[in-house]
Amino acid sequence: MKANVIVAGASKGIGLELTQWFLKNECNVVSISRSATKLKPQTNLKTIKADITDKEVIKKKVSSIIESQSKADIHIYVYNAGLLINKPFIELSLDDMLKMISVNFLAASLTTQSLIPWLLEAKHAHVVFIGSMGGFQGSVRFPGLSFYSATKSALASLSESLAEEFNDTNISFNTLALGAVDTEMLQIAFPEYKAKTSPESIASFIGNFALEQFKHFNGKILPVAQNNP
């Protein structure tokens, strides 16, 4: 077994393809998603259907599964869950803001906090936050994405801070700031736009990065885009 992996936000798009990539690469995977998974049952796959923002439910369900995992030198947590509401800033409601904060930042923070003991058990551990070029300092900005971009900036800053806080441990923290990927979330937010990058191709990049690059990167925010963004 190459690694024990947890993927949050795994029901479709990048998360689904990423889960499949880890499975094909002989990893033991726990997938977490709000809706039912499209993945077929496999011996090295455990699925959790739950609201990623409910820390106590996630903690309870994840704990029961990871206790039964096979031993592995590498533990990986990929936080891929995200919510994009495309609205002018002046039209955003408090509910819109709270939903994006909850999914894009708080849930990532709380689940990572809950998983620290599990991450510390391995010889090497890697936390990868899936960010956005919208949250990458100096990148091109777009109307309607102000608050989404702000939450992704917060997520990236968190990974930098955690890398320093856990610098003397086995855990590495990095953020991948993705450009436009042809996912359902992007299609809903921008119906007229067709992204060139597929979920399959970006999932392969993320998987390789998560599994190998903790050796070379820690506390980094890495842009992953053909264009800006």
If I ask for residues that are under 20 Å from I171 (Cβ atoms), in a helix (DSSP H, G or I) and not hydrophobic (A, V, I, L, M, F, W, C), which ones from segment 34-89 would you list? K55, K59, S63
Here are the criteria: (1) on the phi < 0 side of the Ramachandran plot; (2) in contact with a helix residue (DSSP H, G or I) (Cβ under 6 Å, 6 or more places away or on another chain). Tell me which single one I74 does not satisfy. (2)
Might you check whether a residue that is of a type in the set (V, I, T), closer than 17 Å to I48 by Cβ and within 20 Å of the chain's Cα centre (by Cα) occurs anywhere in segment 108-118? yes
Here are some residues: L106, L18, L98. Which one is surrounded by 13 or more Cβ atoms within 10 Å (Cβ to Cβ), within 28 Å of P143 (Cα to Cα) and either among the aliphatic types (A, V, I, L, M) or in contact with a strand residue (DSSP E or B) (Cβ under 7 Å, 6 or more places away or on another chain) (or both)? L106
Considering every residue within segment 37-53, establish whether at least one is over 17 Å from the mean Cα position of the chain (by Cα), loosely packed, with under 15 Cβ neighbours inside 10 Å and either at pLDDT 90 or above or of a type in the set (S, T, N, Q) (or both). yes
Could you list, ordered by first residue, the pairs with Cβ atoms under 7 Å in which the first is in segment 206-223 and of a type in the set (A, V, I, L, M) and the second is surrounded by fewer than 20 Cβ atoms within 10 Å (Cβ to Cβ) and outside any loop (DSSP other than H, G, I, E, B), at least 6 apart or interchain? I221/E160
Residue in segment 215-229 that is at pLDDT 90 or above, charged (D, E, K, R) and surrounded by 14 or more Cβ atoms within 10 Å (Cβ to Cβ) present: yes
The correct count of residues that are farther than 18 Å from S198 by Cβ and surrounded by 21 or more Cβ atoms within 10 Å (Cβ to Cβ) in segment 21-36 is 7
List the pairs whose first member sits in segment 6-23 and is closer than 19 Å to L83 by Cα, whose second member is surrounded by fewer than 23 Cβ atoms within 10 Å (Cβ to Cβ) and of a type in the set (K, R), and whose Cβ atoms are under 6 Å apart, counting only residues at least 6 apart or on separate chains? none
Which is touching a residue at least 60 places away in the same chain (Cβ under 8 Å) and either surrounded by 17 or more Cβ atoms within 10 Å (Cβ to Cβ) or of a type in the set (A, V, I, L, M) (or both), of A154, A150, A125? A125
May I ask you to list pairs of residues, at least six apart or on different chains, whose Cβ atoms are under 6 Å apart, with the first in segment 85-104 being within 15 Å of G9 (Cα to Cα) and the second being polar (S, T, N, Q) and not in a helix (DSSP H, G or I)? S102/T53
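Based on this model, can you work out whether S114 counts as modelled with pLDDT under 95 and out of contact with any His (no Cβ under 6 Å at 6 or more places or on another chain)? Show your work before the answer.
On the way: modelled with pLDDT under 95: yes; out of contact with any His (no Cβ under 6 Å at 6 or more places or on another chain): yes.
The answer is yes for S114.
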Qualifying positions in segment 29-63 - under 18 Å from Q113 (Cβ atoms) and not charged (D, E, K, R): V30, I32, I48, A50, I52, T53, V57, I58, V62, S63
Report yes if some residue within segment 18-31 is under 16 Å from the mean Cα position of the chain (by Cα), of a type in the set (D, E) and not in a strand (DSSP E or B); otherwise report no. no
Failed item, numbered, when E160 is tested on (1) at pLDDT below 95; (2) farther than 25 Å from E17 by Cα: (1)
Over segment 148-179, the set of residues assigned to a loop (DSSP other than H, G, I, E, B), in contact with a helix residue (DSSP H, G or I) (Cβ under 7 Å, 6 or more places away or on another chain) and within 13 Å of F214 (Cβ to Cβ) is T169, N170
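The values are calculated or read from the model by the stated rules, or taken from the named source; none is laboratory data. Every value quoted in this text rests on a predicted model; they were computed, and no experiment measured them. In this analysis, Cβ positions are derived from the backbone assuming ideal geometry, glycine residues included, and neighbour counts consider all displayed protein chains.
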